[in-house]
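Report on one structure; see the data block that follows.
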Amino acid sequence: MQELMYEIDRGYDEAFTWSKDALRQLQKPYGKLQNIDMRDINRLNKPELASLLSRSLHYMDELMGYVREMRNSTSAVQNDLIESQKQVISAQKELSDCKSKLLETLKDTVKSSVSDSVKSEFQTYSSIVEKSQPKEQVISPQTLQSVVKHVVQEEDRSHNVIVFGLTEENDSELSKTVSEVFQGIGQKPKIVETCRIGNKSRTSQASVRPVKVKVSSSIVAGQLVANARNLRNVEKFKTVFVCPDRSPEQRQIHRDLVKEMKERASQETGKTFFIKDGQ
């Protein structure tokens with residue numbers, strides 16, 4: 001393409017020179033090539049006319065050659081563009097396959113984590129029982145069932161986050177609204193389920209129920225909670241908060257910590273207090 005542009009520039013310079021020569025032969029001022037008529041042509045003798053026509057045909061032939069080359073170059077660029085688009089489509093397919101494999105690996109990891117947690121709970125409980133009970137006492141089926149239920153609930157809860165402060169004006173698009181909140185902190189998780197917690201108040205329109213959001217893994221939920229503080233920089237969601245899905249016991253512990261933090265902050269005004277890792 002660069003060589004073609006060079007040839008076009010050269011042809012333009014030659015044609016420019018020829019046009020000045022032709023106008024001088026026809027006794028026309030520069031820039032008036034379009035005003036030439038047959039009377040001007042008849043003033044030329046045969047050699048001059050032959051030279052003028054010969055050079056005209058020469059530049060016409062060159063011009064057609066440039067047009068052909070430009071058309072071929074354009075076709076080559078189009079072919080390259082089509083090939084690039086095919087490569088992009090192929091790369092997108094490979095990326096989609098990688099995401100699917102990663103999701104399957106994540107599912108296997110979660111299943112393994114649940115299994116390990118159950119085993120750990122069994123071992124811990126068995127150890128406590130052995131220390132506190134006679135050797136011959138057998139663990140009851142109800143106790144085993146309670147331990148398994150507790151582990152499963154904890155694992156299931158680890159996939160959730162709780163979102164506070166979302167108005168209930170348009171709950172028909174609740175998942176879309178939650179996605180916008182997460183995008184505001186640079187996260188695009190796969191949302192499995194969204195639902196309001198509790199019954200809607202009939203007496204207070206200002207009361208807004210929190211939203212429980214289930215995502216694909218506990219890792220994703222942890223990332224959402226870790227980045228939730230950035231919502232205060234998003235004008236639309238600066239009054240929205242995201243926290244883990246805590247059990248009733250964990251919620252009570254958290255409330256006690258918040259109360260203690262506020263008391264210490266009021267007593268020691270020059271210091272900043274915050275809760276980290278549940279402490």
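Where a ≥ b ≥ c are the square roots of the eigenvalues of the C-alpha gyration tensor, would you call region 170-223 rounded, which needs a/c under 1.5, or, failing that, prolate if a/b is larger than b/c, or oblate? Prolate, because a/c is 1.5 or more and a/b exceeds b/c. Shown are Met64, Met261, whose ranking by accessible area with a 1.4 Å probe and every protein chain present, most to least, is Met64, Met261. Is region 229-272 best put as rounded, prolate or oblate by its Cα gyration tensor, with a ≥ b ≥ c the root eigenvalues, rounded for a/c under 1.5, and otherwise prolate when a/b is larger than b/c, oblate when not? Because a/c hits 1.5 or more and a/b fails to exceed b/c, region 229-272 counts as oblate.
Expected output is a single nm value to one decimal: the length gained when fully extending between Ser54 and Ile253, i.e. 0.36 nm times separation in residues minus the C-alpha distance. What is it? Provide the component values of the computation, followed by the final result.
Details: separation 199, 0.36 × 199 = 71.64 nm, distance 9.92 nm.
My answer for the length gained is 61.7 nm.
Remark: relative contact order (region 197-260) = 20 percent; criterion is Cα-Cα distance under 8 angstrom and separation of 6 or more residues. Where a ≥ b ≥ c are the square roots of the eigenvalues of the C-alpha gyration tensor, would you call region 173-264 rounded, which needs a/c under 1.5, or, failing that, prolate if a/b is larger than b/c, or oblate? Note, shape of region 173-264 comes out rounded.
Per the 1.4 Å probe, what fraction of the accessible area of region 54-109, in percent, lies on carbon and sulfur atoms?
Details: 2840 of 4720 Å².
Carbon and sulfur: 60 percent of the exposed surface of region 54-109.
Here the accessible area is traced with a 1.4 Å probe on the protein chains. For region 182-248, carbon and sulfur cover 47 percent of it.
The values are calculated or read from the model by the stated rules, or taken from the named source; none is laboratory data. Bear in mind that the values here come from a model prediction, so they are computed numbers and not experimental data. For accessibility, only protein heavy atoms count, side chains too; no ligands or nucleic acids. Shrake-Rupley method; radii C 1.70, N 1.55, O 1.52, S 1.80 Å.
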